[in-house]
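Comments concern the structure below.
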Amino acid sequence: MAKGLQTTSDELAALVQESSPGIVRVEGRRRAGATGIVWSADGFIITANHVVRRDSQIGVGLPDGEVVEATLIGRDQTTDVALLKIEATGLTPFTSAAESEMTVGHLVLALGRPGKTVQATLGIVSALGSSWRTGMGGEVDHYLQTDVVMYPGFSGGPLVGANGHLLGMNTSGFGQGVSLAIPSATLARVADSLQSHGKIRRGYLGVSTQRVRLPEDIQAELAQRSGLLIVDVEAESPAAEGGLTLGDTIVGISDRPVRTHDDLLAALSGDVVDQKEMIRILRGGKLEEVAVKIGERG
């Protein structure tokens, strides 16, 4: 028994050492250091948005102890992800884990480098779930909760599995009293958008809505019970220019049913910006379709 425990202990310590080259310190706020993840060998670094309090004079502490200046490429408050760039080559990024590698009960390590050396805490995956939206509307590919202790400075650091693959980025930015990680699939999507556009592109319609119950005959026809009643249309917005009016009820966008505000946000993703989408509405008791060119949220 003791020999088995010693072997496990040695393997965990070795995993921390093997992961160390992919973990950096981020100096983006006064006094308190945080952690970043080496995202690419040519100098892209991912960290938590909430630990980067300034847009310039950001330092990154490399594994060899050197501190270099970083450029903020972009940030997404809704998923708590920031992308930095440093002038460096030959860095060691993590291999991202597939979603199939995660199961409730699997051992995980949360790693941080708030100082010069790597720190670690051990836990398990305590809950997994489907895609969800943060309180600010950010889309996260799946729910990933652990029981690891989030020590000061661990935000922005990697959550790794027993094979050393990157499961996600640890963050305390959502303040829910649980240890959450932004999964690697979300990190990849957000980092790609930040690198390309400096922000996450989101569609803009220009309406305020209220969820309402649909008439029974419309429920039967659409196989959905609710839609979004338009209670305000912004002047000169895509909705106004496309002919949507106060009192219309949105029930779908381009064959995607819209039952809730989350459905609407999901339909207004970055790939529909500047595209004409067919908005299905209930108007005067009848279903109609209106073509609207989707704008981009500023």
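Values for this structure:
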item: Residues located in the range 146-164, provided they are polar (S, T, N, Q) and either more than 19 Å from the chain's Cα centre (by Cα) or part of a loop (DSSP other than H, G, I, E, B) (or both); result: Ser155, Asn163
item: Any hit, the range 140-148, residues being surrounded by fewer than 19 Cβ atoms within 10 Å (Cβ to Cβ) and either of a type in the set (Ser, Thr, Tyr) or modelled with pLDDT under 90 (or both); result: yes
item: Flag for Gln176 being without any contact (Cβ under 8 Å) to a residue 24 or more places away in the chain, assigned to a helix (DSSP H, G or I) and not hydroxyl-bearing (Ser, Thr, Tyr); result: no
item: Counted residues, the range 203-224 - those being free of Cβ contacts under 8 Å to residues at least 40 places away in the same chain, assigned to a loop (DSSP other than H, G, I, E, B) and under 18 Å from Ala267 (Cα atoms); result: 1
item: Test for Arg189: is it in contact with an Asp or Glu (Cβ under 8 Å, 6 or more places away or on another chain) and closer than 19 Å to Ser40 by Cα; result: yes
item: Check on Gln195, open to solvent by 70 Å² or more (accessible area, probe 1.4 Å) and under 30 Å from Thr95 (Cα atoms); result: yes
item: Residue match in the range 44-61 (condition: over 23 Å from the mean Cα position of the chain (by Cα), open to solvent by 80 Å² or more (accessible area, probe 1.4 Å), closer than 23 Å to Gly90 by Cα and modelled with pLDDT of 95 or more); result: no
item: Residue in the range 198-224 that is nearest to Glu296 (Cα to Cα), counting only those that are of a type in the set (Val, Ile, Thr) and surrounded by 19 or more Cβ atoms within 10 Å (Cβ to Cβ); result: Ile200
item: Flag if Gly65 is more than 22 Å from Leu166 (Cβ to Cβ), of a type outside the set (Val, Ile, Thr) and at pLDDT 95 or above; result: no
item: Test: residue in the range 172-192 that is of a type in the set (D, E, K, R), surrounded by fewer than 16 Cβ atoms within 10 Å (Cβ to Cβ) and more than 26 Å from the chain's Cα centre (by Cα); result: no
item: Given (1) under 22 Å from Leu12 (Cβ atoms); (2) under 20 Å from the mean Cα position of the chain (by Cα), number of the condition Ala120 does not satisfy; result: (2)
item: Enumeration of residues in the range 11-43 that are at pLDDT 95 or above and open to solvent by less than 10 Å² (accessible area, probe 1.4 Å); result: Ser19, Gly22, Ile23, Val24, Val26, Ala34, Thr35, Gly36, Ile37, Val38, Gly43
item: All positions within the range 96-139 that are outside any loop (DSSP other than H, G, I, E, B), open to solvent by 80 Å² or more (accessible area, probe 1.4 Å) and under 17 Å from Ser19 (Cβ atoms); result: Leu107, Leu122
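The values are calculated or read from the model by the stated rules, or taken from the named source; none is laboratory data. Computed from a predicted structure; not experimentally measured. Don't worry about glycine lacking a Cβ; one is built from the backbone with ideal geometry, like all the others, and counts go over all protein chains shown. Surface areas here come from the heavy atoms of the whole protein model, side chains and all, with no ligands, DNA or RNA. Shrake-Rupley method; radii C 1.70, N 1.55, O 1.52, S 1.80 Å.
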